[in-house]
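Novice: One structure, pasted below without further comment.
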Amino acid sequence: MTHLVSTFVARAKSQRTEFLRFAKFAIVGTIGAVVDYSVLNLGVQVFTLPLLLANAISFTVAVLSNFTWNRLWTYPESRSEPLLPQLGQFALVNLAGLGINELILFSLNPYVSRLWPRWGYNISKAVAIGVVLFWNFGINRIWTYRKIK
């Protein structure tokens, strides 16, 4: 009976820890989204860059922000790992995320922009960010931060 209780408690603690990590990851992602949107709109509205180029730049800047905050706050235990290999893994996961992000943005934007011509890409971007959040958390947890218990 004691083993059953201790197993239950350990599992509950583990689930709570993962939920808190996801919440932190989501908060970091929200900061990243603000960075992403800011750079995207600056690129499109001020510098008149093509949407997909501005999106690639904004996504990259957001990834660097997210990596920094995830290393410092979400997964502080990961700081014992070498920086560059970890950044490389994080970047590869996010590169796939960029592909997903671009695909969703490219696919959705023509439809959404008919309803909101000047700013419709922001709605498409919000959908893309939501999907990529779950991709990035899951794959980074499995691969980049797999040594974290």
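Novice: If you check every pair at least six apart or on different chains, which have Cβ atoms under 8 Å apart with a residue in the range 25-46 that is more than 18 Å from Thr68 (Cβ to Cβ) first and a residue that is among the hydrophobic types (A, V, I, L, M, F, W, C) and not in a helix (DSSP H, G or I) second?
Specialist: Within 8 Å, the pairs are Gly43/Leu49.
Yes/no matrix, rows are residues, columns are (1) farther than 18 Å from Leu53 by Cα; (2) surrounded by 15 or more Cβ atoms within 10 Å (Cβ to Cβ); (3) touching a residue at least 24 places away in the same chain (Cβ under 8 Å):
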{"position": "Pro110", "(1), (2), (3)": "no, no, no"}
{"position": "Gly120", "(1), (2), (3)": "no, yes, no"}
{"position": "Ile129", "(1), (2), (3)": "no, yes, yes"}
{"position": "Arg146", "(1), (2), (3)": "yes, no, no"}
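Novice: Hey, another quick one. Among Asn101, Asn140, which is in contact (Cβ under 8 Å) with a residue 24 or more places away in the chain, farther than 27 Å from Pro50 by Cα and assigned to a helix (DSSP H, G or I)?
Specialist: Asn140
Novice: Of the numbered conditions (1) among the hydrophobic types (A, V, I, L, M, F, W, C); (2) in contact with a Phe, Trp or Tyr (Cβ under 8 Å, 6 or more places away or on another chain); (3) within 13 Å of Phe59 (Cβ to Cβ), Ile148 fails exactly one; give the number of that condition.
Specialist: (3)
Novice: So Pro117 passes all but one of these: (1) of a type outside the set (A, V, I, L, M, F, W, C); (2) more than 12 Å from the chain's Cα centre (by Cα); (3) assigned to a helix (DSSP H, G or I). Which condition number does it fail?
Specialist: (3)
Novice: Just a yes or no: is a residue in the range 65-82 exposed (fewer than 12 other Cβ atoms within 10 Å of the Cβ), of a type in the set (Val, Ile, Thr) and over 18 Å from Ala128 (Cβ atoms)?
Specialist: no
Novice: Looking only at residues that are in a helix (DSSP H, G or I) and in contact (Cβ under 8 Å) with a residue 60 or more places away in the chain in the range 67-89, which one is farthest from Ser107 (Cα to Cα)?
Specialist: Glu77
So that you can scan it fast, the table gives a plain yes or no per residue for (1) under 24 Å from Ala26 (Cβ atoms); (2) modelled with pLDDT of 95 or more; (3) among the polar types (S, T, N, Q); (4) out of contact with any Asp or Glu (no Cβ under 9 Å at 6 or more places or on another chain):
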position: Gly43; (1), (2), (3), (4): no, yes, no, yes
position: Val46; (1), (2), (3), (4): no, yes, no, yes
position: Leu51; (1), (2), (3), (4): no, no, no, yes
position: Thr60; (1), (2), (3), (4): yes, no, yes, yes
position: Glu77; (1), (2), (3), (4): yes, no, no, yes
position: Ile100; (1), (2), (3), (4): yes, no, no, yes
position: Ala126; (1), (2), (3), (4): yes, no, no, yes
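The values are calculated or read from the model by the stated rules, or taken from the named source; none is laboratory data. The model shown is predicted, which means the values in this text are computed figures rather than measured ones. A quick note on method: Cβ atoms are made from the backbone with ideal geometry, for glycine too, and the neighbour counts reach across all protein chains shown.
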